[in-house]
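> Next up is a structure, given as structure tokens.
Every read-out reported here was derived from the displayed coordinates using simple, explicitly stated rules and does not represent laboratory data. This one's a predicted model, so the numbers in the text were calculated from it and none came from an experiment. Note: ideal-geometry Cβ built from the backbone for every residue, glycine included; neighbour counts use all protein chains shown.
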Amino acid sequence: MSLNRLLKEAFLFSSIFLIIGCEKIEKADLVIHNGTIYTMEETSPTAEAVAVTGGKIVSVGSNNEIKKMIGKQTEVIDLQGKTMTPGFIESHGHFLSLGKAKMRLGLNNIKNYDELVKLVEEAVKKAKPGEWILGRGWHQSKWEPRPDPMVRGFQTHQALSKISPDNPVFLTHASGHAGFANARAMEIAGITGSTKYSGDGEVIKDKKGNPTGILVEAAEDLVSKHIPESTPDMDRSAAEYAMNECLANGITTFHDALSTKDNIDLYKELLNEGKMKVRLWLMINGVNEKLLEEYYGKGPQVGLGNNFLTIRAIKLLSDGALGSRGAWLLEPYSDRRDHYGHEIILMDYVYSVAKDALKHGFQLCVHAIGDRANREVLDQYEKAIKENPKASKDHRFRIEHAQHLTAQDIPRFAQLGIIPAMQAIHMSSDRPWAIDRLGKKRIEEGAYVWQKLLQSGARIANGTDVPVEPISPVACFYASVTRRTLKGEPPGGYEADQKMTREQALRSYTLDAAYAGFEENIKGSIEIGKLADFTVFSQDIMKVPDDDLLKTVVEYTIIDGKVAYRKE
């Protein structure tokens, strides 16, 4: 070989080496590294670092791999060994109600009726005569000691009315399915011993026929229609409160379980103003036929404003709640043998909306808590699905709550492709008293049966039903994997064979929750190309002992590749 050819080949080799060695590596907008990252991606379930550009994930891997993408303008978050997951998705909550709860008396943590009265008494001292006093969160079945007297399992108004003679008071049950009015509020509403309510609810009266102040289900409207309406400014404030609560609790997407036209208009305004901090996925109010027709004409609105607003589902309610004995049962309540709960919508209407939803490409999400409500809704779904097999290939209809099922209905969720959107924290909160409502046999057969549903092939979407329960995903995750109350009782958990594994619980809050909204291709796991939504926890929720789980706090909430919340 000639010297000239040797020189040419040497130059060519050195040029190739130089090109390879100087290959340009794109610098990321954000790099998060040095932690335990659970990706929910099967082939690489954990990672050490993630890189983000333009609000999307561009690389997932080791610290050494990702550090090459750090440039002068790159924001860098050192996890310092903390744990990161895909952004947590609240699969069933009430967005504006979460915000409004912050603007009213919070009654979730009161221990008994006396504490409720004292809290209202303090509010009366600060209020003007005639001003309404509103609150939410009481639950008589959790109180110790129980009130005396009680009528049909509820307290009576006398002690409340005594301290608030000039102010109407209306306090909503934690479930939202009952209300407690004082004498002044009942006077305004015209409720007396002769009041007869023939709607889908009940005005509870004592043995002498006097109203106790308890209004169940639709009977709440007798008082609530007299409460001054919320103003647009109040709703904006409520939305701001709600967004901040979501961020502080690691929630990046919120499924709003019943949005009115006014709600939707507000969310669109916030989106257009660039003020939407959390991704909202809406279920529109299915009893507003005019609103349904409007959206049937428009079709699903998906991914508006860089995926901060999606309108693709319809919400109906088929029954009430177990706490207020409004859940619709096949057999009577164990602690009220003459009562089966309430059907609060005609099943023919559920069937009609199911047919129209399939035709127009919407999901239908129906609230069903009691075993009869669940069976009836499953029946309507099945009928509509069989009549339109083409539109039903991937319908992803949902049952919201699915709390109490019969053995024969449990496998129907997977068979029909129905998603149970369940709230594990309800088991933790309700189970100590739910056995009084249903009895041991029904509890063991079909109440909060997560593992039976999962093993039958169903996918569970998890959440809290906030403000019925606090929005904390840590508390709900704890309930999912321990089946204990938040006080740690019982040590082994209620019906322990129905506990979720930690992986199942994480999926229920991330990838399966995204699936429940047709969004598994853009969120729910940490993969290249997906939205950069992450939740960072103070400790490893997949490994710490059960007793330490509730000590976990949210350190960061990251949405669209930007830090939306950082723990002070």
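> Lysines near Lys390 by alpha-carbon distance under 20 Å, same-chain residues fewer than 8 away left out - which ones?
Once the sequence-local lysines are set aside, what remains near Lys390 is Lys355, Lys359.
> Once every DSSP H run of n ≥ 4 in the chain is given -39500 (n - 2.57) and the sum is divided by its residues, what mean residue ellipticity at 222 nm do you get, rounded to the nearest 500 deg cm²/dmol?
After summing the helix terms and dividing by residue count, I get -10000 deg cm²/dmol.
> Lysine pairs in segment 104-224 with alpha-carbon atoms under 22 Å apart, 8 or more places apart or on different chains: how many are there?
For segment 104-224, the number of qualifying lysine pairs is 17.
> Taking 22 Å as the cut-off for C-alpha to C-alpha distance, list the pairs among Lys440/Lys499; Lys102/Lys315; Lys277/Lys487 that go past it.
Going by Cα-Cα distance, Lys102/Lys315; Lys277/Lys487 fall outside the 22 Å limit.
> Could you state the angle between the C-alpha long axis of helix 113-126 and the longest principal axis of the C-alpha atoms of the chain, as a value from 0 to 90 degrees rounded to the nearest 10?
80
> Please give the Cα centre distance for segment 185-215 versus segment 391-447, rounded to the nearest Å.
32
> Something else: Give me the angle, in degrees from 0 to 90, between the Cα long axis of helix 3-21 and the longest principal axis of the Cα atoms of the chain, rounded to the nearest 10.
Helix 3-21 and the main axis of the chain meet at about 10 degrees.
> Related question: For the chain, give the magnitude of the charge dipole about the Cα centre (Cβ charges: +1 Lys/Arg, -1 Asp/Glu; no others), in debye to the nearest 20. Intermediate values should be presented prior to the final figure.
Numbers: 72 positive and 76 negative charges, 57 e Å.
Roughly 280 debye for the chain.
> Moving on to the next point. What value does segment 242-383 have for Rg/Rh, both radii from Cα atoms and Rh as Kirkwood defines it?
Radius of gyration over Kirkwood radius for segment 242-383 works out to 1.04.
> Sort out for me the Cα centre separation of segment 112-162 from segment 534-548, rounded to whole Å.
What the calculation gives is 37 Å, centre to centre.
> Another one. Expressed in nm to one decimal, what extension gain is obtained for the pair Lys208 and Arg337 from 0.36 nm per residue of sequence separation less their Cα-Cα distance?
Taking Lys208 through Arg337 to full extension adds about 44.4 nm, to one decimal.
> Still on this structure, please answer the following. So, with +1 on the Cβ of K and R and -1 on the Cβ of D and E, and no other charges, what is the size of the charge dipole of segment 305-441 about its Cα centre, to the nearest 20 debye?
On the way: 20 positive and 17 negative charges, 72 e Å.
For this selection, approximately 340 debye.
> Could you give me the ³J(HN,Hα) list for segment 138-147, computed from phi with Karplus coefficients 6.51, -1.76, 1.60 and θ = phi - 60°, whole Hz, x at Gly and Pro?
Computed from phi, the couplings for segment 138-147 are 5, 8, 4, 6, 9, 7, 9, x, 6, x Hz.
> So, one more: Of Asn63, Gly137, Ala218, which is farthest towards the positive pole of the chain's charge dipole, taken about the Cα centre with +1 and -1 on the beta-carbons of Lys, Arg and Asp, Glu respectively?
Asn63
> Tilt of helix 473-482 relative to the longest C-alpha principal axis of the chain, in degrees (0 to 90, nearest 10)?
That helix lies at roughly 80 degrees to the long axis.
> I would also like to ask the following. Under a crude label model (7 Å from the Cα following the beta-carbon direction), how far is Val76 from Lys56 in nanometres?
With each label placed 7 Å out from Cα toward Cβ, I get 2.6 nm.
> Okay, next question. To the nearest 0.05, how large is the calculated FRET efficiency for Thr43 and Lys128 if R₀ is 60 Å and r is the Cβ-Cβ distance?
Taking R0 as 60 Å, the efficiency between Thr43 and Lys128 is 0.40.
> Can you work out the Karplus-derived ³J(HN,Hα) for every residue in segment 507-512? Use 6.51 cos²θ - 1.76 cosθ + 1.60 with θ = phi - 60°, whole Hz, and x for glycine or proline.
4, 5, 9, 10, 5, 6
> Follow-up. Report the label-to-label distance for Leu346 and Thr192 in nanometres (one decimal), using points 7 Å from each Cα along the Cα→Cβ vector.
3.4
> Okay, moving on. Below 20 Å, Cα to Cα, which aspartates and glutamates can Lys441 reach? Residues fewer than 8 away in the same chain don't count.
Glu331, Asp335, Asp338, Asp371, Asp409, Asp430, Glu495, Asp497
> Okay, next question. Along segment 220-225, what does the Karplus equation 6.51 cos²θ - 1.76 cosθ + 1.60 (θ = phi - 60°) give for ³J(HN,Hα), rounded to whole Hz, x for Gly and Pro?
4, 4, 4, 9, 4, 5
> Write down Rg/Rh for segment 203-294, rounded to two decimals, with Rg from the C-alpha atoms and Rh from the Kirkwood relation over Cα pairs.
Here the Rg-to-Rh quotient is 1.10.
> Still on this structure: Evaluate the distance, in nm, between pseudo-label points positioned 7 Å from the Cα of Asp265 and of Asp379 along their respective Cα→Cβ axes.
Calculated label separation equals 3.9 nm.
> Is there a quick way to get the dipole size of segment 211-341? I mean about its Cα centre, with the Cβ of Lys and Arg at +1 and of Asp and Glu at -1; what is the value in debye to the nearest 20?
In debye, rounded to 20, segment 211-341 gives about 400.
> Can I ask one more? Would you mind giving the three semi-axes, in whole Å and largest first, of the ellipsoid equivalent to the chain according to its Cα gyration tensor?
48, 26, 23
> For Lys72, give me every one of the lysines with a C-alpha distance below 20 angstrom, ignoring sequence neighbours fewer than eight places off in its own chain.
Those lysines meeting the cut-off are Lys24, Lys27, Lys56, Lys562.
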